[in-house]
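Data first, discussion second: the structure below is written as structure tokens.
The values are calculated or read from the model by the stated rules, or taken from the named source; none is laboratory data. Since this is a predicted model, take the numbers as computed values, not measurements. Backbone-built Cβ (ideal geometry, glycine too); neighbour counts: all protein chains shown.
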Amino acid sequence: MNTAPERTGMNGIDQPGFEAALSRRAGEVERVLDALLGLGLLSGEVARPRELMAAIRHGVLGGGKRLRPFLVVESAALFDAGGEAALRVAAALECVHCYSLIHDDLPAMDDDDMRRGRPTVHRAFDEATAILAGDALLTFAFDIVADEATALPGETRARLVTKLARAAGMGGMAGGQALDLAAGRNRPDEAGIVRLQAMKTGALIRFACEAGAEIGRATEAERERLAEFGSAIGLAFQLADDLLDATSDAAALGKAAGKDEDAGKATLVSLHGIDWTRRQLDGLVAQAGELLEPFGDRAALLRAAARFVAARTS
């Protein structure tokens, strides 16, 4: 699927240019994560068990596009902010995301054996260790944001902690996963599917964009604009994910394909079909671009991110 031309004119960026920027940011975030998830102790810690840390590192390092961290850093860059503080917030968000993947893969949840082309954490280690690895990552994410080493004003760090907790918790991602599990028993209608996806997938992506605006001390209107942008590409991300599940294979995805259909889960793809879904993706990319118009050329990478989310192949 291709929802945008290779080049997008003077206010855009070509796909190779975007992918290079995404890869560069991923490397920066990987460096921060590697340091944070080492065996060195922080004040107040007693020990970091080696097997637990090995499982955590297996679940976090060496894979993934790091899209959510990218959105944090590039949203902050709109306001001439960033540096190590933005990278630490981005790393914290990735810890939450990776915790969710580790737990989602468990037999009691989605029961997956492969993630990012490698055995899932509970397969590489065991279920108990995978649960603890996820627990530790979720907890550590708030440690990273709240720590004074994240060089932001205390009020900003407090707001970020609150927003991340709500995006990840019962009214956000965790609640969305609960709805997703229930959807296997009682198929939701279209409004129910959209709500589920806004929680399970969209909440962390929305947080990523809003967090960058918080780091950059943006105005309330600018923060809301970035949050709406995050909501649009969050829905696009899930639509593209459902489309890939319906049309791709495990080798391309690095995980099982066709699981939604096998589980009898309702998705917007199953309700409306592939052509409708692709039109919706085009519309969401256009909406995302309109939301970024006030930022002009500075938002070129974020516009490219919206196109990437909609047209991705894995």
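Any residue in segment 94-117 that's without any contact (Cβ under 8 Å) to a residue 12 or more places away in the chain: show its pairings with residues that are buried (at least 23 other Cβ atoms within 10 Å of the Cβ) and assigned to a loop (DSSP other than H, G, I, E, B) at Cβ separation under 9 Å, as long as the two are six or more apart or on different chains.
ASP111/ASP105
List the residue pairs whose Cβ atoms are under 8 Å apart, where the first residue sits in segment 211-238 and is of a type in the set (Phe, Trp, Tyr), the second is in a loop (DSSP other than H, G, I, E, B), and the two are 6 or more positions apart or on different chains.
Hits for this filter: PHE229/LEU292.
Would you mind telling me which numbered condition in (1) at pLDDT 90 or above; (2) in contact with an Asp or Glu (Cβ under 9 Å, 6 or more places away or on another chain); (3) closer than 21 Å to GLY64 by Cα; (4) not aromatic (Phe, Trp, Tyr) HIS272 fails?
The failed condition is (3).
If you scan segment 148-161, which residues turn out to be in contact (Cβ under 8 Å) with a residue 24 or more places away in the chain and within 22 Å of the chain's Cα centre (by Cα)?
Filtering segment 148-161 for residues in contact (Cβ under 8 Å) with a residue 24 or more places away in the chain gives 149-152, 156, 159-160.
If the condition is that a residue be in contact (Cβ under 8 Å) with a residue 24 or more places away in the chain and within 22 Å of the chain's Cα centre (by Cα), then THR150, THR156, ARG159, LEU160 are the ones that fit.
If you scan segment 207-229, which residues turn out to be surrounded by 24 or more Cβ atoms within 10 Å (Cβ to Cβ) and under 16 Å from GLY171 (Cβ atoms)?
If the condition is that a residue be surrounded by 24 or more Cβ atoms within 10 Å (Cβ to Cβ) and under 16 Å from GLY171 (Cβ atoms), then PHE207, GLU210 are the ones that fit.
State whether one or more residues within segment 144-160 are part of a helix (DSSP H, G or I), in contact with a Phe, Trp or Tyr (Cβ under 8 Å, 6 or more places away or on another chain) and closer than 23 Å to VAL72 by Cα.
First pass over segment 144-160, keeping only residues part of a helix (DSSP H, G or I): 144-146, 154-160.
When the remaining residues are screened for being in contact with a Phe, Trp or Tyr (Cβ under 8 Å, 6 or more places away or on another chain), the result is none.
No, the conditions are met nowhere in segment 144-160.
Does any residue of segment 196-209 turn out to be more than 21 Å from ALA91 (Cβ to Cβ) and charged (D, E, K, R)?
yes
Could you please find all residues in segment 190-210 being touching a Pro at 6+ places or on another chain (Cβ under 9 Å), free of Cβ contacts under 8 Å to residues at least 60 places away in the same chain and within 21 Å of ALA86 (Cβ to Cβ)?
Of everything in segment 190-210, nothing turns out to be touching a Pro at 6+ places or on another chain (Cβ under 9 Å), free of Cβ contacts under 8 Å to residues at least 60 places away in the same chain and within 21 Å of ALA86 (Cβ to Cβ).
Checking the condition part of a helix (DSSP H, G or I), surrounded by 20 or more Cβ atoms within 10 Å (Cβ to Cβ) and more than 15 Å from the chain's Cα centre (by Cα), which residue from LEU196, LEU164, LEU204 passes?
Working: LEU164 fails: more than 15 Å from the chain's Cα centre (by Cα); LEU204 fails: more than 15 Å from the chain's Cα centre (by Cα).
The conditions single out LEU196.
Anything in segment 121-147 that is in contact (Cβ under 8 Å) with a residue 40 or more places away in the chain and among the β-branched types (Val, Ile, Thr)? List them, or say none.
Residues satisfying the conditions are VAL121, THR129, ILE144, VAL145.
Only one of ALA55, ALA81 is touching a helix residue (DSSP H, G or I) at 6+ places or on another chain (Cβ under 6 Å) and either in a loop (DSSP other than H, G, I, E, B) or surrounded by fewer than 16 Cβ atoms within 10 Å (Cβ to Cβ) (or both). Can you tell me which? Lay out the reasoning, then the answer.
On the way: ALA55 fails: either in a loop (DSSP other than H, G, I, E, B) or surrounded by fewer than 16 Cβ atoms within 10 Å (Cβ to Cβ) (or both).
From the options ALA55, ALA81, the qualifying one is ALA81.
Looking at this structure, is ALA136 modelled with pLDDT of 95 or more, under 23 Å from MET53 (Cα atoms) and part of a helix (DSSP H, G or I)? Give the steps one after another, and end with the answer.
Working: modelled with pLDDT of 95 or more: yes; under 23 Å from MET53 (Cα atoms): yes; part of a helix (DSSP H, G or I): yes.
When the stated conditions are applied, ALA136 passes them.
Can you pull out the residues in segment 262-286 that are part of a helix (DSSP H, G or I) and closer than 21 Å to GLY176 by Cβ?
Step one: list which residues in segment 262-286 are part of a helix (DSSP H, G or I), which gives 262-263, 268-272, 274-286.
Those that are part of a helix (DSSP H, G or I) and closer than 21 Å to GLY176 by Cβ: ASP262, ALA263, LEU268, VAL269, SER270, LEU271, HIS272, THR277, GLN280, LEU281, LEU284.
Please go through segment 220-235 and give me each residue that is within 12 Å of VAL309 (Cα to Cα) and in contact with a Ser or Thr (Cβ under 9 Å, 6 or more places away or on another chain), ordered by number. Write out each step before concluding.
Looking only at segment 220-235, we keep the residues that are within 12 Å of VAL309 (Cα to Cα), and these are 230, 232-235.
Across segment 220-235, the qualifying residues are GLY230, GLY234, LEU235.
Filter segment 111-124 down to residues that are surrounded by 20 or more Cβ atoms within 10 Å (Cβ to Cβ) and either in a helix (DSSP H, G or I) or not β-branched (Val, Ile, Thr) (or both), then give me how many there are. Let's see the steps before the verdict.
Taking segment 111-124 first, the residues surrounded by 20 or more Cβ atoms within 10 Å (Cβ to Cβ) are 115, 120-122.
Those still in the list that are either in a helix (DSSP H, G or I) or not β-branched (Val, Ile, Thr) (or both) too: 115, 121-122.
Residues that pass the stated criteria total 3.
Does ARG217 qualify as being at pLDDT 95 or above, part of a helix (DSSP H, G or I) and farther than 30 Å from ARG123 by Cβ?
no
Among all residue pairs at least 6 apart or on different chains, which show Cβ distances below 9 Å where the first residue, located in segment 172-189, is without any contact (Cβ under 8 Å) to a residue 24 or more places away in the chain and under 13 Å from ALA203 (Cβ atoms) and the second is of a type in the set (Lys, Arg) and surrounded by fewer than 17 Cβ atoms within 10 Å (Cβ to Cβ)?
Listed pairs, sorted by first residue: LEU179/ARG195.
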